[in-house]
1. Are there any pairs with C-beta distances below 6 angstrom linking a residue in region 85-102 that is over 19 Å from Cys11 (Cβ atoms) and of a type in the set (Lys, Arg) to a residue that is within 9 Å of the ligand (Cβ to nearest atom) and in a loop (DSSP other than H, G, I, E, B), with the two at least 6 apart or on different chains, and if so which?
2. Take Gly123 and decide whether it is under 18 Å from Gly65 (Cβ atoms), away from the ligand (no atom under 15 Å from the Cβ) and at pLDDT 95 or above.
3. Please go through (1) away from the ligand (no atom under 16 Å from the Cβ); (2) basic (Lys, Arg); (3) assigned to a helix (DSSP H, G or I); (4) within 19 Å of the chain's Cα centre (by Cα) for Lys165 and return the number of the only condition it doesn't satisfy.
4. Can you tell me which residues in region 110-129 are part of a helix (DSSP H, G or I) and of a type in the set (Asp, Glu)?
5. Does Leu48 satisfy being aliphatic (A, V, I, L, M) and over 17 Å from Leu179 (Cα atoms)?
6. When you scan region 111-119, do you find a residue that is on the phi > 0 side of the Ramachandran plot, surrounded by fewer than 22 Cβ atoms within 10 Å (Cβ to Cβ) and not hydrophobic (A, V, I, L, M, F, W, C), even just one?
7. Take region 130-152 and flag every residue that is outside any helix (DSSP H, G or I) and either under 17 Å from Phe32 (Cα atoms) or at pLDDT below 90 (or both).
8. On the basis of being of a type in the set (S, T, N, Q) and in contact (Cβ under 8 Å) with a residue 24 or more places away in the chain, does Asn53 make the cut?
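The values are calculated or read from the model by the stated rules, or taken from the named source; none is laboratory data. This one's a predicted model, so the numbers in the text were calculated from it and none came from an experiment. Here the Cβ is made from the backbone with ideal geometry for all residues, glycine too, and neighbour counts use every protein chain on show.
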Amino acid sequence: MKQKILLHACCAVCAAGVLDQLKNDDLAVTLFWYNPNIFPKVEHDRRLNELLNFCDSQNVKILVGDYDWSEEHAYWLSLVDGLENEPERGKRCEVCYRMRLEAVATVAAQINDHHKNEYSFFGTTLSVSTHKDAELINKIGKKIDASYSHTKGNSLKYFIADFKKFEGAKKAAKISKELNLYRQNYCGCEFSNIKDKK
Ligand code: SF4
């Protein structure tokens, strides 16, 4: 039986690219949406809807985080308070990566509590972007998985990856064009300033 991974996805473009990379691995992937960092709400909803449509068309399983965008974005803002002027890949992004990785790990662990070790791994698509610091993302993920395996009796492990490697970012862009997916021109929060398309 395939091992299962709950994989945080930030958008349809990244999800499509990463799923393509994982298609030959012996893994059953369920995507997970939790991105309250995305601003404004209309953009958050647009990216979510695009991802849901993609999952529907490709027969991919997805869980959508149960949160109210306004409340959760306000919480996100409180976490990055004072870091508004940080460059991308800086301290604000570190907080943002951690918040989303903790969310996917928590949900996977909760599911494992009820369905014994349903998920072997949790992870994220974030590293497929050339604008994301895979080393830092992996460092945060490994720290979270250490806390799960040592303190919560859960065998959940973080899936270490740098999906941008081996032209992963280029391939994600190519697939997204072929599938005519919505390609945003900024990372997500109101402080991000990436203007080149994913
Ligand atoms: S730039 Fe992107 S990763 Fe960094 S804080 Fe904003 S939304 Fe999060």
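1. Partner pairs satisfying both residue conditions: Lys91/Leu83.
2. Taking the combined requirement at face value, the residue satisfies it.
3. (3)
4. Asp113
5. Against the criterion (aliphatic (A, V, I, L, M) and over 17 Å from Leu179 (Cα atoms)), Leu48 does not qualify.
6. Yes: one or more hits.
7. Scanning region 130-152 gives a single hit, Lys152.
8. yes
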